[in-house]
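Notes follow the structure.
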Amino acid sequence: MKARKHGGAARAKSSRVGFLLFDTSFEPIYANDDAIQILTYPKGRREIESLDRFVAEQIRSVLFNDRSSPAPEVLSGRRRYRCQAFTVRSNAADASDATVVLFERDPRKPIDVAQILAQFDLTERERETARFLIEGLTNKEIAGHMNISPSTVKAFIRRVMAKMGVTTRSGIVGKIVKTLS
């Protein structure tokens, strides 16, 4: 990174948001301490031979390798960060565009829905139905994902409700939330 201080990237006061700036060839120009900490965990910056190359490789893998995810995420230990990239266009004739990458901590705790649903002795198809229900899908949408009819989805939901001891669709979600508390 071009801006240097104390043998590393130029530092900004800790903001809990990882901030990186890249030039047009995707070479790092600047990174705040939070971004470096997120990307290098658990090793740390001192254990990495070429911090610039390491940061560039990490960002490329996050932004360009996983096209299936609409909002790329980075896992750093048990923490999950949403990754957003923005192009900054320069109006100056001699300046080139830059890319800003931000890492924001995702406040959601990862929920292991499969583990929660396993407590209720559901079949695989019932668990699949419940997972789609938790995501907020309608019966018709669930049917489309599972390649079954909406009537079959209703039957699965009724069985899930019976096994979980609830009487409504929202009761299923409520029961899962309650087990998290």
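Key figures for this structure:
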| item | result |
| --- | --- |
| Condition check for ARG159: within 21 Å of PHE120 (Cα to Cα) and at pLDDT 95 or above | yes |
| Number of the condition not met by ASP106 [criteria: (1) acidic (Asp, Glu); (2) at pLDDT 80 or above; (3) within 25 Å of THR40 (Cα to Cα)] | (2) |
| Index of the failed condition, GLY136 passing every other in (1) surrounded by fewer than 16 Cβ atoms within 10 Å (Cβ to Cβ); (2) under 16 Å from ALA114 (Cα atoms); (3) not aliphatic (A, V, I, L, M) | (2) |
| Matching residues in segment 128-150 - criterion: being among the charged types (D, E, K, R) and modelled with pLDDT of 90 or more | GLU128, LYS140, GLU141 |
| Segment 55-74, subset out of contact with any helix residue (DSSP H, G or I) (no Cβ under 7 Å at 6 or more places or on another chain), modelled with pLDDT of 80 or more and of a type in the set (A, V, I, L, M, F, W, C), residue surrounded by the most Cβ atoms within 10 Å (Cβ to Cβ) | ILE59 |
| Selected residue (criterion: surrounded by the fewest Cβ atoms within 10 Å (Cβ to Cβ)) from residues of segment 81-99 that are over 18 Å from the mean Cα position of the chain (by Cα) and modelled with pLDDT of 70 or more | ARG89 |
| Segment 110-140, subset charged (D, E, K, R) and in contact with a Phe, Trp or Tyr (Cβ under 7 Å, 6 or more places away or on another chain), residue nearest to ALA162 (Cα to Cα) | GLU126 |
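The values are calculated or read from the model by the stated rules, or taken from the named source; none is laboratory data. If you're wondering where the values come from, they're calculated on a predicted model, not measured in any experiment. Quick reminder, even Gly has a Cβ in these numbers, built from the backbone with ideal geometry, and neighbours come from all protein chains shown.
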